[in-house]
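We did not get these values from a lab; they are worked out from the coordinates using the rules stated. Since the structure is predicted, the reported quantities are computational estimates derived from the model, not experimental observations. Quick reminder, even Gly has a Cβ in these numbers, built from the backbone with ideal geometry, and neighbours come from all protein chains shown.
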Amino acid sequence: MLKKFIAALVILTSFSSLFAYAGDKAEAAYYNYHTTAITVAKSHIGTPYRWGGVSPGGFDCSGLVKYSYAKAGRTLNRTAAQMFYGNGYRVYALQPGDLMFFAPTKASSPTHVAIYIGSGKMIMSSSSKGVMITNTNNTYWHPRYIGAKRV
């Protein structure tokens, strides 16, 4: 009886370690593409704003996000609204790499998107300063925040 119990325990332990490994692998992949997207976005600090821009020659807000995630191996929709309604899932506790969405009013569709980079900061392309890092409690953007998505 003890031998059967030990054998069953060994088998269960083996299976649980396989699932833990798969989870670790998935977590590592999640971390890698979010880290890569943030690194790509940061490498473009100072790039000028260009309406409709999706390249290092100039980015609009969603162009920067789409470009950065594409370089990390993830395909996102093109506009802030399309990303909000079509990519990822809603989150309330931000992690680096989450997309933050902003709208003129709480009832309207998002017109701006940024990448949360941690420590209360986000990276975005603003029409006045191009690609930049700012605080999430920025007096202009904070009241316009409508939610975040994890992709």
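Annotation for Ser43 and Tyr92: the two label points, set 7 Å from Cα along the Cα-Cβ direction, are 3.7 nm apart. A cut-off of 5 Å between modelled amide H atoms, ignoring neighbours fewer than 5 places along the same chain, links Asn77 with no other residue. Sequence-ordered 3J(HN,Hα) estimates for the range 137-151 from the Karplus curve with 6.51, -1.76 and 1.60 and θ = phi - 60° stand at 9, 3, 5, 7, 7, 3, x, 9, 5, 10, x, 9, 10, 10, 10 Hz, glycine and proline given as x. For the range 22-124, the spread of Cα positions along the three principal axes, ordered from largest to smallest, is 41, 33, 25 Å.
Exposure proxy shown here: for Leu76, Leu64, the number of other Cβ atoms within 10 Å sets the order, fewest to most, as Leu76, Leu64. What distance in nm separates the two pseudo spin-label positions at Ser119 and Gln82, each 7 Å out from Cα along the beta-carbon direction? Placing both labels 7 Å along Cα→Cβ, they lie 3.4 nm apart. Once R0 is set to 25 Å, what does the formula 1/(1 + (r/R0)^6) return for the Cβ-Cβ distance between His142 and Trp51, expressed as a FRET efficiency to the nearest 0.05? E(calc), rounded to 0.05, equals 0.60.
Lys and Arg at +1, Asp and Glu at -1: add these up for the other residues within a Cβ distance under 11 Å of Gly88 and post the number.
Neighbourhood net charge equals +3.
Distant-in-sequence amide contacts of Asp98, defined by a placed amide H-H separation under 5 Å and a gap of 5 or more residues or a different chain, comprise Tyr116.
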